[in-house]
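Chemist: Following this message is one structure expressed as structure tokens.
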Amino acid sequence: MSVRISAIQCGLVLGLLWPCALLAQGFAGLGSDATGYATPDRAYRLEFPADHGAHPGFRFEWWYLTANLRGDNGQDYGVQWTLFRSGLKPQEATGWQSPQMWMGHTALTTPDQHYVAERLARGGIGQAGVHSAPFEAWIDEWRMGGDDLNTLNLQASGGEFAYDLRLVATGPLVLHGADGFSVKSANGRASHYYSQPSYRVEGVLHLPGGDVVVTGQGWLDREWSSQPLAADQTGWDWFSLSFVDGARMMGFALRGGEAPFVSGTWINSDGSVVALNGDMLRLGPLEYAQVAGREIPVVWRVRLAQMGLDVTVRALNEQAWMGTSFPYWEGPVQVNGSHSGRGYLEMTGYN
């Protein structure tokens, strides 16, 4: 794993600058009090390209891209690039007075290695940020940008790896929930949430054993809120699956309370969508592995009777642990059963 600043420096930066509730509770901090911040509005209609950019009135936000890749050597790989924004207070300011904090995560996964790097930055001084048009998201030298979200260039590097990828969208943007208003709990906590799930990807991975030319598929998630979780929700299991017949599925289970809160979106090959709920989508772990001293589910069964879906989702690399400031599991998966394909799995709150 590669981290730009030392562990001591990281602790100081986080202790002084990152929201205390989030620090103390990890991902459960997403359910802490958000008085004064903007909240998602069911009546709001997403506007592009403006909503590709930052929403500083909201407390939390992320730009999250994953790619399932195959090398010219026949091996499977996965790439993750994520930029997080977190507001220390709801009032905006400029320069060093900016309340915005930025965190970048990237990972490159092979069947037997998982490379990770992290960046931390202050807002207001040009070290990190997002422009909506032309689109660019950056933290230090890491970049994701293009004329819009239809075409992107993606770069990042860590101590032992780097990559340079080009992405071209082959389908429309997808709005999750009700026109992008995605409910996250029984008491109505929500986020604004959309995806570009249909990138064609090509580029080069720079690894200790040499460069690898890769092609594959990518998925970009955009989400913002101020209190997306309920107070008793401690983490989530999130899936993005792409099937060989052209259909796709996003689904998640938010753990906590009496039962997990399950939601998702089925995406037909033509880009049309069907909203999913817990009565339709069934997510259940089948096998666990010891990962970073934790029991982590690394094989899942995913069922959606309405679409004839009954698949096993298996981690490409069980040890895809993100040992970052807020640790979690994140990695590529392989899909087999009634449908075959590839995708990504993110699991948080396994402390």
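Chemist: For the stretch 71-96, name all the residues that are surrounded by fewer than 21 Cβ atoms within 10 Å (Cβ to Cβ), modelled with pLDDT of 95 or more and touching a Phe, Trp or Tyr at 6+ places or on another chain (Cβ under 7 Å).
Modeler: Passing the criteria: Gly71, Phe84.
Chemist: Of everything in the stretch 221-232, what is touching a strand residue (DSSP E or B) at 6+ places or on another chain (Cβ under 6 Å), within 25 Å of Ile296 (Cβ to Cβ) and either surrounded by 23 or more Cβ atoms within 10 Å (Cβ to Cβ) or among the aromatic types (Phe, Trp, Tyr) (or both)? Give them in sequence order. Even if it seems obvious, please write down each step before you answer.
Modeler: Initially, the stretch 221-232 is screened for residues touching a strand residue (DSSP E or B) at 6+ places or on another chain (Cβ under 6 Å), giving 221-225, 228, 232.
Restricting the remaining residues to those that are within 25 Å of Ile296 (Cβ to Cβ) gives 221, 223, 228, 232.
Matches in the stretch 221-232: Pro228 only.
Chemist: Only one of these conditions is not met by Gln319: (1) closer than 30 Å to Gly158 by Cα; (2) touching a His at 6+ places or on another chain (Cβ under 9 Å); (3) part of a strand (DSSP E or B); (4) of a type outside the set (Ser, Thr, Tyr). Which number is it?
Modeler: Unmet condition: (3).
Chemist: Condition (residue is modelled with pLDDT of 55 or more, surrounded by 14 or more Cβ atoms within 10 Å (Cβ to Cβ) and either among the polar types (S, T, N, Q) or assigned to a helix (DSSP H, G or I) (or both)) applied to the stretch 17-38: is it met by at least one residue?
Modeler: Just the residues of the stretch 17-38 that are modelled with pLDDT of 55 or more, to begin with: 33-38.
Cutting the leftovers down to surrounded by 14 or more Cβ atoms within 10 Å (Cβ to Cβ) gives us 34, 37-38.
Filter again for either among the polar types (S, T, N, Q) or assigned to a helix (DSSP H, G or I) (or both), leaving none.
No, the conditions are met nowhere in the stretch 17-38.
Chemist: Return the total of residues in the stretch 174-203 being in a loop (DSSP other than H, G, I, E, B), touching a Leu at 6+ places or on another chain (Cβ under 9 Å) and within 16 Å of Leu241 (Cα to Cα).
Modeler: Of all residues in the stretch 174-203, those in a loop (DSSP other than H, G, I, E, B) come to 176-177, 179-180, 184-189.
Filter again for touching a Leu at 6+ places or on another chain (Cβ under 9 Å), leaving 179-180, 184-185, 189.
Still in the running and within 16 Å of Leu241 (Cα to Cα): none.
Count: 0.
Okay, residues lined up against (1) within 30 Å of Asp76 (Cβ to Cβ); (2) over 15 Å from the mean Cα position of the chain (by Cα); (3) at pLDDT 95 or above:
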| position | (1), (2), (3) |
| --- | --- |
| Tyr163 | yes, yes, yes |
| Arg166 | yes, yes, yes |
| Thr170 | yes, yes, yes |
| Ala178 | no, yes, yes |
| Phe181 | no, yes, yes |
| Gly188 | no, yes, no |
| His192 | no, no, yes |
| Ser195 | yes, no, yes |
| Glu202 | yes, yes, yes |
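Chemist: Please verify whether Asp270 is among the charged types (D, E, K, R) and not in a strand (DSSP E or B), treating the condition exactly as stated.
Modeler: So Asp270 fits the description; yes.
Chemist: If I filter the stretch 241-261 down to residues being of a type in the set (A, V, I, L, M) and in a strand (DSSP E or B), which single residue comes out as nearest to the chain's Cα centre (by Cα)? Quick ask: steps written out before the conclusion?
Modeler: To start, the set of residues in the stretch 241-261 that are of a type in the set (A, V, I, L, M) comprises 241, 244, 247, 249-250, 253-254, 259.
Checking the rest, the ones that are also in a strand (DSSP E or B) come to 241, 249-250, 253-254.
On the way: Leu241: 13, Met249: 15, Met250: 12, Ala253: 14, Leu254: 15 Å.
If we take residues in the stretch 241-261 being of a type in the set (A, V, I, L, M) and in a strand (DSSP E or B), then Met250 is nearest to the chain's Cα centre (by Cα).
Chemist: Given the criterion within 17 Å of the chain's Cα centre (by Cα), under 30 Å from Pro90 (Cα atoms) and aliphatic (A, V, I, L, M), identify the matching residue among Ile139, Ile125.
Modeler: Values: Ile125 fails: within 17 Å of the chain's Cα centre (by Cα).
Ile139 is the lone residue from the list that is within 17 Å of the chain's Cα centre (by Cα), under 30 Å from Pro90 (Cα atoms) and aliphatic (A, V, I, L, M).
Chemist: Filter the stretch 43-68 for residues that are farther than 30 Å from Asp164 by Cα and either assigned to a strand (DSSP E or B) or modelled with pLDDT under 95 (or both) and give the result.
Modeler: Gly57, Phe58, Arg59 - these are the residues of the stretch 43-68 that are farther than 30 Å from Asp164 by Cα and either assigned to a strand (DSSP E or B) or modelled with pLDDT under 95 (or both).
Results for (1) in contact with a Phe, Trp or Tyr (Cβ under 7 Å, 6 or more places away or on another chain); (2) in a strand (DSSP E or B); (3) among the aromatic types (Phe, Trp, Tyr), shown as yes or no for each residue.
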site: Ser263; (1), (2), (3): yes, yes, no
site: Val274; (1), (2), (3): yes, yes, no
site: Asp279; (1), (2), (3): no, no, no
site: Pro285; (1), (2), (3): yes, yes, no
site: Val302; (1), (2), (3): yes, yes, no
site: Asp310; (1), (2), (3): no, yes, no
site: Val313; (1), (2), (3): yes, yes, no
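Chemist: Same structure, new question: Please state which one of Gly171, Gly188 is out of contact with any His (no Cβ under 7 Å at 6 or more places or on another chain), surrounded by fewer than 22 Cβ atoms within 10 Å (Cβ to Cβ) and without any contact (Cβ under 8 Å) to a residue 60 or more places away in the chain. Talk me through it step by step, then tell me what you get.
Modeler: On the way: Gly171 fails: without any contact (Cβ under 8 Å) to a residue 60 or more places away in the chain.
Within the list Gly171, Gly188, the selection yields Gly188.
Chemist: State whether the residues of the stretch 218-240 include one that is over 30 Å from Ala34 (Cα atoms) and either in contact with a Phe, Trp or Tyr (Cβ under 7 Å, 6 or more places away or on another chain) or in a loop (DSSP other than H, G, I, E, B) (or both). Reasoning before the result, please.
Modeler: Residues of the stretch 218-240 over 30 Å from Ala34 (Cα atoms): 218.
From what's left, either in contact with a Phe, Trp or Tyr (Cβ under 7 Å, 6 or more places away or on another chain) or in a loop (DSSP other than H, G, I, E, B) (or both): 218.
Yes, some residue in the stretch 218-240 is over 30 Å from Ala34 (Cα atoms) and either in contact with a Phe, Trp or Tyr (Cβ under 7 Å, 6 or more places away or on another chain) or in a loop (DSSP other than H, G, I, E, B) (or both).
For every residue, the table says whether it meets (1) closer than 17 Å to Trp219 by Cβ; (2) modelled with pLDDT under 95.
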{"residue": "Leu241", "(1), (2)": "yes, no"}
{"residue": "Met250", "(1), (2)": "yes, no"}
{"residue": "Pro260", "(1), (2)": "no, yes"}
{"residue": "Leu283", "(1), (2)": "no, no"}
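Chemist: Same structure, new question: Name the residues in the stretch 207-220 that are touching a residue at least 12 places away in the same chain (Cβ under 8 Å) and either surrounded by fewer than 16 Cβ atoms within 10 Å (Cβ to Cβ) or hydrophobic (A, V, I, L, M, F, W, C) (or both), would you? Step through it out loud before you land on a result.
Modeler: Here is the first cut: in the stretch 207-220, the ones touching a residue at least 12 places away in the same chain (Cβ under 8 Å) are 207-208, 212-220.
If the condition is that a residue be touching a residue at least 12 places away in the same chain (Cβ under 8 Å) and either surrounded by fewer than 16 Cβ atoms within 10 Å (Cβ to Cβ) or hydrophobic (A, V, I, L, M, F, W, C) (or both), then Leu207, Pro208, Val212, Val213, Val214, Thr215, Trp219, Leu220 are the ones that fit.
The values are calculated or read from the model by the stated rules, or taken from the named source; none is laboratory data. Source: prediction; values computed, not measured. Backbone-built Cβ (ideal geometry, glycine too); neighbour counts: all protein chains shown.
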